[in-house]
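Participant: Quick one: structure below, then a few questions.
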Amino acid sequence: MRSSRRLLAVTGLGAAVALLAAGCASGSDASAGSGDITGEVTLQTWSLTPKFTDYLNGVIDGFEKKYPGTKVTLLDQPGDGYSDKVLSQAASNTLPDVINLPPDFALPLAQQGLLEDVSTHGDLAKTYVPGGISAYQFASTKGTFGYPWYLNTDLNWWNASQLDACGLDAAAPPKTQQELFAAAEKAHTACPDTYLLSRKPGVGDFVLEGVPVLNSDGTKFVFNTEKAAKLLDQYRDAYKGGLMPSSVLNNDYLGNSKLFTQGKVAWTTGGATSYKDFTTDNPSLKDHVTVSPALNTPPLYVQGLSVSKKSKHLATAVALAQWVTNAKNQNAFGHLVNVFPSTIASADDPYFSKDDGTIDGKARVLAFTSLKKAKNLQPYEINSAMSDYLNQQIALAIKGDIPSKEALDKAVAKLNQLLARQ
């Protein structure tokens, strides 16, 4: 599963700046709580300028006009080292009033009591999709520590010509992980050189099968179950039976998206704009690709705005975070870049909800619709060291070097050691 912060790195404008006028119009915002909405606050974004300076300034101007007596100072930090920058700000007691944080960055700050519980400032469920809200709710601390801002998810992309040639129906591709296993076996029987399964599993795949990853209070990993071991056994048998590329466990594996573009695998996952990338890199794929929703439960990738609990103008900071993330401002941003708004009311915008008859339009509507039930599939408590160790154990199990249950037991023991040190 891809990192939320990497997936949501925004690029390209692709629409007229005229959308800013609609995006910055006043909208219904949740209550900002007690206190006057006045004074100067800072808004820190992550690698959005200079490309989106005009958009951000338009949003800020709209806020200052709606609330006379307010002043917003925009701070934008470069992409590299952003996590370290935020942690440094927290340590020096200089957190901005409103901070662009993905959930995994927000988690340690929430645990330290540095972020405002925004659920105390209005009914979030009336404004935002459920997954966006729950992304800022952590098992280890009570509250909601961010307003979901812009979102993304994955879709399934299929080589329709390969599916049809191998006895499958491209108009009705697999909908679940288990259906994918069955389809992969059927396709391999008819076309031994065609692969559907083209990546090794991860924590997100356990979640898709209903395997709990963390206990209820977020203190221990618990995914070493018989059900998870059975899933790894399925991947092991598929790998041994030639249903997966032999290189899938190698460190230099190109990835299923690259192999899909090369026409070497018939399935991959990708965002709503992936068709353009596929066909730009390999024009022969044009008109041979179809798209469908993600297997089981769509993954959710989130960027949000958190509020410093120590803000000198807390009511203003809360109001600003609500303003930036209201439907009109989010819709305008979603027109400018390939991300999706987190607001329920955005379904009224035809750009996100109406299929225009093209594969890009279909993908955009499928992705936006998927966000209604999308969830984070990998706990934010899992850091890179944990992921590396878990991936090593999964690879050993799939190669058949150790039993699946033993691999999971070792992974859980190691990850719990690392979790206890955080």
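The rows are residues; the columns are (1) polar (S, T, N, Q); (2) under 23 Å from residue 166 (Cβ atoms); (3) modelled with pLDDT of 95 or more.
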residue: 216; (1), (2), (3): yes, no, no
residue: 227; (1), (2), (3): no, no, yes
residue: 247; (1), (2), (3): yes, yes, no
residue: 264; (1), (2), (3): no, yes, no
residue: 284; (1), (2), (3): yes, yes, yes
residue: 292; (1), (2), (3): yes, yes, yes
residue: 300; (1), (2), (3): no, no, yes
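Participant: Can you tell me which residue among 310, 328 is at pLDDT 95 or above, open to solvent by 10 Å² or more (accessible area, probe 1.4 Å) and part of a loop (DSSP other than H, G, I, E, B)? Can you show your working first?
Facilitator: Working: 328 fails: part of a loop (DSSP other than H, G, I, E, B).
Of 310, 328, the one residue that is at pLDDT 95 or above, open to solvent by 10 Å² or more (accessible area, probe 1.4 Å) and part of a loop (DSSP other than H, G, I, E, B) is 310.
Participant: Something else now. For region 230-270: of the residues being in contact with a strand residue (DSSP E or B) (Cβ under 8 Å, 6 or more places away or on another chain) and of a type in the set (A, V, I, L, M, F, W, C), which is farthest from residue 152 (Cα to Cα)?
Facilitator: Going through the qualifying residues, I end up with 243.
Participant: Residues in region 349-359 that are out of contact with any Phe, Trp or Tyr (no Cβ under 6 Å at 6 or more places or on another chain), assigned to a helix (DSSP H, G or I) and touching a residue at least 12 places away in the same chain (Cβ under 8 Å): how many?
Facilitator: Step one: filter region 349-359 for residues out of contact with any Phe, Trp or Tyr (no Cβ under 6 Å at 6 or more places or on another chain), giving 349-351, 353-358.
Now restrict to residues that are assigned to a helix (DSSP H, G or I): 350-351, 353.
Keeping just the survivors that are touching a residue at least 12 places away in the same chain (Cβ under 8 Å) gives 351, 353.
Going through region 349-359 one residue at a time, the tally reaches 2.
Participant: From the residues in region 172-190 that are among the charged types (D, E, K, R) and under 16 Å from residue 298 (Cα atoms), which one is least open to solvent (accessible area, probe 1.4 Å)?
Facilitator: Here the residue is 179.
Participant: Which of the following residues is more than 30 Å from residue 49 (Cβ to Cβ), touching a Lys or Arg at 6+ places or on another chain (Cβ under 8 Å), of a type outside the set (S, T, N, Q) and open to solvent by less than 20 Å² (accessible area, probe 1.4 Å): 298, 293?
Facilitator: Only one candidate passes the filter, namely 298.
Participant: Select from region 235-253 the residues that are surrounded by 14 or more Cβ atoms within 10 Å (Cβ to Cβ) and either under 15 Å from residue 186 (Cα atoms) or of a type in the set (Gly, Ala, Ser) (or both) and list them in ascending order.
Facilitator: Within region 235-253, 237, 238, 239, 243, 244 qualify.
Participant: What's the number of the condition residue 187 fails, among (1) assigned to a helix (DSSP H, G or I); (2) in contact with a strand residue (DSSP E or B) (Cβ under 7 Å, 6 or more places away or on another chain)?
Facilitator: All conditions pass for residue 187, except number (2).
Participant: Then there's this: Against the condition assigned to a loop (DSSP other than H, G, I, E, B), out of contact with any strand residue (DSSP E or B) (no Cβ under 8 Å at 6 or more places or on another chain) and open to solvent by less than 50 Å² (accessible area, probe 1.4 Å), how does residue 394 come out, does it pass?
Facilitator: On the way: assigned to a loop (DSSP other than H, G, I, E, B): no; out of contact with any strand residue (DSSP E or B) (no Cβ under 8 Å at 6 or more places or on another chain): yes; open to solvent by less than 50 Å² (accessible area, probe 1.4 Å): yes.
Against the criterion (assigned to a loop (DSSP other than H, G, I, E, B), out of contact with any strand residue (DSSP E or B) (no Cβ under 8 Å at 6 or more places or on another chain) and open to solvent by less than 50 Å² (accessible area, probe 1.4 Å)), residue 394 does not qualify.
Participant: I need the full set of residues from region 270-286 which are without any contact (Cβ under 8 Å) to a residue 60 or more places away in the chain, open to solvent by less than 50 Å² (accessible area, probe 1.4 Å) and not in a loop (DSSP other than H, G, I, E, B), in order please.
Facilitator: Hit for region 270-286 is 279, nothing else.
Participant: Right, next: Conditions: (1) touching a Gly at 6+ places or on another chain (Cβ under 9 Å); (2) more than 28 Å from residue 132 (Cα to Cα); (3) among the polar types (S, T, N, Q). Residue 378 meets all but one. Number of the miss?
Facilitator: (2)
Conditions tested, residue by residue: (1) in a loop (DSSP other than H, G, I, E, B); (2) in contact with a helix residue (DSSP H, G or I) (Cβ under 6 Å, 6 or more places away or on another chain); (3) hydroxyl-bearing (Ser, Thr, Tyr).
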| site | (1), (2), (3) |
| --- | --- |
| 224 | yes, yes, no |
| 230 | no, no, no |
| 236 | no, yes, no |
| 247 | no, no, yes |
| 259 | no, no, no |
| 268 | no, yes, yes |
| 302 | no, yes, no |
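Participant: Of the numbered conditions (1) farther than 18 Å from residue 153 by Cβ; (2) modelled with pLDDT of 95 or more; (3) touching a helix residue (DSSP H, G or I) at 6+ places or on another chain (Cβ under 8 Å), residue 363 fails exactly one; give the number of that condition.
Facilitator: It fails just one condition, (1).
Participant: Would you pick out the residues in region 188-242 that are within 18 Å of residue 380 (Cα to Cα) and among the polar types (S, T, N, Q)?
Facilitator: Result: 215, 216, 219.
Participant: Shifting gears a bit: Where residues in region 355-384 are within 14 Å of residue 203 (Cβ to Cβ) and of a type in the set (A, V, I, L, M), which of them is surrounded by the most Cβ atoms within 10 Å (Cβ to Cβ)? Lay out the reasoning, then the answer.
Facilitator: Start the filter on region 355-384 by keeping residues that are within 14 Å of residue 203 (Cβ to Cβ), which leaves 375-384.
If we keep only those that are of a type in the set (A, V, I, L, M) as well, we get 377, 382.
On the way: 377: 22, 382: 20.
Looking at residues that are within 14 Å of residue 203 (Cβ to Cβ) and of a type in the set (A, V, I, L, M), I get 377.
Participant: Among all residue pairs at least 6 apart or on different chains, which show Cβ distances below 6 Å where the first residue, located in region 180-204, is more than 26 Å from residue 229 (Cβ to Cβ) and the second is open to solvent by less than 30 Å² (accessible area, probe 1.4 Å)?
Facilitator: Filtered contacts from region 180-204: 190/166; 191/166; 194/166; 194/187; 194/266.
Participant: Next up: State all residues of region 331-348 that are in contact (Cβ under 8 Å) with a residue 24 or more places away in the chain and either in a helix (DSSP H, G or I) or among the hydroxyl-bearing types (Ser, Thr, Tyr) (or both); if no residue qualifies, say none.
Facilitator: Listed by number, the residues that qualify are 331, 332, 333, 334, 335, 336, 342, 343, 344, 345.
Participant: Among the residues of region 204-218, which ones are part of a loop (DSSP other than H, G, I, E, B) and crowded, with 19+ Cβ neighbours inside 10 Å? Give the derivation first.
Facilitator: Of all residues in region 204-218, those part of a loop (DSSP other than H, G, I, E, B) come to 209-213, 215-218.
Once the filter is applied, which keeps residues that are part of a loop (DSSP other than H, G, I, E, B) and crowded, with 19+ Cβ neighbours inside 10 Å, region 204-218 yields 211, 213.
The values are calculated or read from the model by the stated rules, or taken from the named source; none is laboratory data. Note that the structure is predicted; figures quoted are calculated from it, not measured. Glycine also receives a Cβ, built like all others from the backbone with ideal geometry; neighbour counts cover every protein chain displayed. Areas reflect the complete protein model, heavy atoms only, side chains present, ligands, DNA and RNA absent. Shrake-Rupley method; radii C 1.70, N 1.55, O 1.52, S 1.80 Å.
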